[in-house]
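Accompanying notes for the structure given below.
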Amino acid sequence: MPAYLDNSATTFERAEVTDAVLDAVKNTWGNPSSLHHMGIEAEKKMKASRKAVASLLGVSDEEIYFTSGGTESDNTAIFGACGALKRSGRHIVTTSIEHHAVLECCHRLEEMGFEITYVDPGSDGVVSADAIQSALREDTVLVSVMHVNNETGAIQPVKEIGTALRSREHVFFHCDAVQSYGKIPIPVRESHIDALSASGHKIHGPKGVGMLYIDRGRHILPLLCGGGQERGMRSGTENVPGIVGFARASQLAEEEMRKNFEHVSLLRSRLKEGILHEIPDVRINGPDDSRCLPYILNVSFPGTRAEVLLHMLEQDGIYVSTGSACSSRSKNKGSYVLRAMGLSQEEIEGAVRFSFSCMNTGEEIEETLKKLKDAVKKNRQMLSLAGKGRKNRR
């Protein structure tokens, strides 16, 4: 039985979700914009799904817009806010550890004449709310800070940041919550978040569907124009089966949030303690447990190559990651998140991300510890021998 520990990249779709999707495919295939019976039935499914997603966030259903996923939601929020507010200024504050879906938007905006301030985290991967506030200028129109980092699990102080922004009404606050949605409570109202992004496939829902929350008092420009679906914010015929599946996954996540949190906390704790006790010379990358999402554990094994470890574990049916799935094929050498935290190149090259879900078991963790211990030892021996060989050739 494989041990899938790459749940931050994507999750297995739950049977209840698949059943909901298939039912919608078979029985609710009408266009929600059509005025006849089939269209009205599809529209009803859409409304029920919107309420389910809004319930998990504790917001109004009229503030929820369905998208194709986290990337589209991030792009819509960032480009939409900057387009609406560009007369007020052209300065953006974000962090150096955001997902590429945010960072690449900022790079594009720089080409369009915007100025970006990238705030670095501390050595624990947490960005200071004071540092964000210090980066603000009179012409700042957007602040984008993720809720949970996808590589380290570090929970960012979005509530403190949002509170500090209250006095700056022209500043739009966006939060990428792709890794935290459905896993821990997100204080949307208390954090004064103007827009928030989430994705279905991170919570055992379908791929290709997500949502964007936009505070009803805020206005942004749409990224996609056309038939005016999603109340003009996201044109294009809605993916009804995907949305229904996303809503079902959201309902299950809301119902089981506490139970799942406790379950993965035990799994993470066991793996972390086992690594520290059984494998010498390791580094846990991230903050203390109270400020870290228990669904993610990032560990450096200096003297190894993480990609080699990944494939050694894969041969034993254990699936992990060397970092963000969206940058794993990048030509850049190592994680930009860990580099921003001040890790050495050796620590970065030996970093492995383990990410958990409610479907993982204690038996899988024990097997992972056993195989990981052997893999690290063998990889270190191989690299040591290779290093000695190079020296002898000189």
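The values are calculated or read from the model by the stated rules, or taken from the named source; none is laboratory data. Small disclaimer: the values here were computed from a predicted structure and weren't measured. Glycine gets a Cβ as well: all are built from the backbone with ideal geometry, and neighbour counts include every protein chain shown. When the accessible area is computed, the model is the full protein with side chains, heavy atoms only, and any ligands, DNA or RNA have been set aside. Shrake-Rupley method; radii C 1.70, N 1.55, O 1.52, S 1.80 Å.
Here is how the numbers come out for the structure above:
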item	result
Condition met for ALA24 (modelled with pLDDT of 95 or more and touching an Asp or Glu at 6+ places or on another chain (Cβ under 8 Å))	no
Subset of region 80-107 (residues that are without any contact (Cβ under 8 Å) to a residue 12 or more places away in the chain, part of a helix (DSSP H, G or I) and farther than 17 Å from ASN149 by Cα)	HIS107
Complete set of residues in region 207-216 that are open to solvent by less than 10 Å² (accessible area, probe 1.4 Å) and either modelled with pLDDT under 95 or in a loop (DSSP other than H, G, I, E, B) (or both)	VAL209
Selected residue (only one of THR163, THR152 is farther than 22 Å from TYR295 by Cβ and among the hydroxyl-bearing types (Ser, Thr, Tyr))	THR163
Failed item, numbered, when GLN251 is tested on (1) of a type in the set (S, T, N, Q); (2) under 28 Å from LYS159 (Cα atoms); (3) open to solvent by less than 10 Å² (accessible area, probe 1.4 Å)	(3)
Considering residues of region 187-205 that are open to solvent by 10 Å² or more (accessible area, probe 1.4 Å) and closer than 15 Å to GLN251 by Cα only, the residue farthest from the chain's Cα centre (by Cα)	HIS204
So VAL21, is it of a type outside the set (D, E, K, R), within 16 Å of GLU230 (Cβ to Cβ) and in a helix (DSSP H, G or I)	no
Near pairs, Cβ below 6 angstrom, 6+ apart or cross-chain, from region 373-385 (assigned to a helix (DSSP H, G or I)) to any residue that is among the polar types (S, T, N, Q)	VAL376/THR304; ASN379/THR304; ARG380/THR304
Residues of region 117-163 satisfying the condition of being polar (S, T, N, Q), assigned to a loop (DSSP other than H, G, I, E, B) and open to solvent by less than 40 Å² (accessible area, probe 1.4 Å)	ASN149, ASN150, THR152, GLN156
Tally, over region 166-186, of residues that are open to solvent by 10 Å² or more (accessible area, probe 1.4 Å) and more than 30 Å from GLU347 (Cβ to Cβ)	7
Hits in region 217-237 - residues which are open to solvent by less than 30 Å² (accessible area, probe 1.4 Å) and either in a strand (DSSP E or B) or touching a Pro at 6+ places or on another chain (Cβ under 6 Å) (or both)	MET233
VAL59 vs. criteria assigned to a loop (DSSP other than H, G, I, E, B) and among the β-branched types (Val, Ile, Thr)	yes
Filter pass, LYS51 being closer than 30 Å to LEU221 by Cα, open to solvent by 70 Å² or more (accessible area, probe 1.4 Å) and in contact with a helix residue (DSSP H, G or I) (Cβ under 6 Å, 6 or more places away or on another chain)	yes
Qualifying positions in region 317-353 - more than 18 Å from ARG283 (Cα to Cα), in a loop (DSSP other than H, G, I, E, B) and at pLDDT 95 or above	GLY317
Conditions (1) in contact with a Gly (Cβ under 8 Å, 6 or more places away or on another chain); (2) surrounded by fewer than 24 Cβ atoms within 10 Å (Cβ to Cβ); (3) not charged (D, E, K, R); number of the one not met by ILE97	(2)
Scan of region 331-383 for residues that are at positive phi and open to solvent by less than 50 Å² (accessible area, probe 1.4 Å), ordered by number	GLY334
Complete set of residues in region 23-32 that are open to solvent by 70 Å² or more (accessible area, probe 1.4 Å) and either touching a residue at least 24 places away in the same chain (Cβ under 8 Å) or among the β-branched types (Val, Ile, Thr) (or both)	VAL25, TRP29
Lone unmet requirement of (1) more than 19 Å from the chain's Cα centre (by Cα); (2) of a type in the set (Lys, Arg); (3) part of a loop (DSSP other than H, G, I, E, B); (4) at pLDDT 95 or above for ARG248	(3)
Qualifying residue in region 277-297 (condition: at pLDDT 95 or above, more than 23 Å from TYR181 (Cβ to Cβ), open to solvent by less than 50 Å² (accessible area, probe 1.4 Å) and acidic (Asp, Glu))	no
